[in-house]
Amino acid sequence: MRYGFSNREELDHLPEFLEGLDRALQAHGHQLADVTDPEVGLVLHPIDPDAPRPFRRQGRGTYVVSIVARGPSPSGGEPYEAILARYYPAMIRSLANLLVVPLPPSADNPKRQAFVVTLERGAYPVRGNSSAEFYQGMYEALAPLAQSCLVIDNIFDTDLPQELWDGDEHTRSMAWAGARLEELDLLPAPFPIREILDERDFRHLKKLYQIGGLSYGNLSTRHEGNLFWMSGSGVDKSRLSVVGRDFLLVKGYNRERNAMVLSVPPHVEPNRVSVDAIEHWMIYTEHPEVGAILHIHAWIDGIRSTQINYPCGSLELAEAVAEAVRQEPDPGRAIIGLRNHGMTITGPSLEEIFARIEGRVQTQVPMM
Ligand SMILES: [Zn+2]
């Protein structure tokens with residue numbers, strides 16, 4: 001992978017951080033390149049969090065990491081909600097996929113430390129007792145993510161049978177489940193992305209990632225065979241109602257085009273399916289006993305968890321979750337943690353999933 005710095009001078013007061021990252025990337029065989037190189041896979045983009053400048057990438061294959069190069073640092077013990085509140089908007093404004101806040105070592109905290117903020121609203125520390133350990137940790141926090149493959153394209157086939165245009169018992173169960181999520185306070189408010197980005201930057205993001213907004217969580221039910229209904233991208237999960245917009249029928253995954261294939265009614269301007277459709281598709285295909293899947297940004301103590309914070313919609317996250325489901329004693333009733341992110345839960349139906357998790361769910365995901 002080629003990597004580059006959008007503005008090296010901005011990091012001049014963090015020379016150690018800059019060199020440490022540079023060394024770790026080169027030690028793993030990556031080559032320093034100019035950020036205008038169309039082949040560049042990772043751009044390290046120093047920002048002022050109070051006035052972040054956007055980095056406009058050439059294509060989706062470029063992963064942008066904003067590095068906070070100014071302003072007071074959060075203290076080591078600051079709650080992650082406070083870190084998210086301060087830095088999440090700066091990450092969005094700079095059009096980054098990830099944000100890093102390096103903390104200078106101090107007399108009372110001699111360890112090297114940084115906070116990482118993710119698009120899935122995670123905020124977690126990277127620490128090291130030695131410089132070598134810290135930069136290896138930074139490398140592991142950035143490189144696998146920068147090299148992950150997103151499956152976010154959709155192919156719309158307008159072949160949904162007419163008897164499904166108004167949904168069926170599966171979509172009605174999803175509408176019930178979405179409303180139940182709100183009652184249980186498990187639907188975080190979508191991030192107001194349109195309000196904080198100007199028109200040009202919003203169009204840029206929309207063109208690259210086809211996103212209309214940032215909402216969190218999704219749900220699905222098996223229709224028949226390996227076809228399944230899934231919630232649409234960016235929709236209000238507490239008010240699911242329209243087929244083709246709130247509910248999408250997923251027919252499969254087209255490997256050549258790296259896209260999810262959807263069956264939609266001919267008369268509706270179709271919405272995109274949730275980016276995690278690839279993950280649900282893998283689970284339904286492998287485990288015929290799974291009838292429903294719920295993904296929420298919440299946690300239950302003691303669950304099996306993935307190890308790397310791959311982004312939503314990546315093939316790598318889907319494979320890591322599918323592997324964890326496979327390792328469960330009962331894959332048909334699995335509760336899998338997605339590290340620093342949330343849970344994916346399988347069950348015979350959404351009703352069964354809610355009956356199993358109610359009273360056990362904590363709305364705060366532990367960050368580690
Ligand atoms: Zn998620």
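The values are calculated or read from the model by the stated rules, or taken from the named source; none is laboratory data. Since the model is a prediction, treat every value here as computed from it, not as a measurement. We place every Cβ from the backbone using ideal geometry, glycine too, and count neighbours over all the protein chains shown.
Restricting attention to segment 234-249, the residues being assigned to a loop (DSSP other than H, G, I, E, B) and among the hydroxyl-bearing types (Ser, Thr, Tyr) number 1.
Screening the candidates 133, 78, 163 for the property of being assigned by TED's automatic domain parsing to the domain that holds residue 318 and surrounded by fewer than 22 Cβ atoms within 10 Å (Cβ to Cβ) yields one hit, 163. Each residue in segment 214-233 was checked for being outside any strand (DSSP E or B) and over 13 Å from the mean Cα position of the chain (by Cα), and 5 pass.
Here's the yes/no breakdown for (1) free of Cβ contacts under 8 Å to residues at least 40 places away in the same chain; (2) within 13 Å of the ligand (Cβ to nearest atom); (3) crowded, with 20+ Cβ neighbours inside 10 Å:
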| site | (1), (2), (3) |
| --- | --- |
| 243 | no, no, yes |
| 252 | yes, no, no |
| 255 | yes, no, no |
| 262 | no, no, yes |
| 265 | no, no, no |
| 275 | no, yes, yes |
| 286 | no, no, no |
| 295 | no, yes, yes |
| 299 | no, yes, yes |
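Let's see how each residue does on (1) of a type in the set (Phe, Trp, Tyr); (2) exposed (fewer than 14 other Cβ atoms within 10 Å of the Cβ); (3) within 14 Å of the ligand (Cβ to nearest atom); (4) in the same structural domain as residue 299 (by TED's automatic domain parsing):
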site: 331; (1), (2), (3), (4): no, no, no, yes
site: 336; (1), (2), (3), (4): no, no, yes, yes
site: 340; (1), (2), (3), (4): no, no, yes, yes
site: 350; (1), (2), (3), (4): no, no, no, yes
site: 362; (1), (2), (3), (4): no, yes, no, no
site: 365; (1), (2), (3), (4): no, no, yes, no
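Assessment of segment 166-175 against the conditions (modelled with pLDDT of 95 or more, among the β-branched types (Val, Ile, Thr) and assigned to a helix (DSSP H, G or I)) yields at least one matching residue.
Considering only residues in segment 203-233 that are under 14 Å from residue 92 (Cα atoms) and free of Cβ contacts under 8 Å to residues at least 12 places away in the same chain, the one that is nearest to the ligand (Cβ to nearest atom) turns out to be 206.
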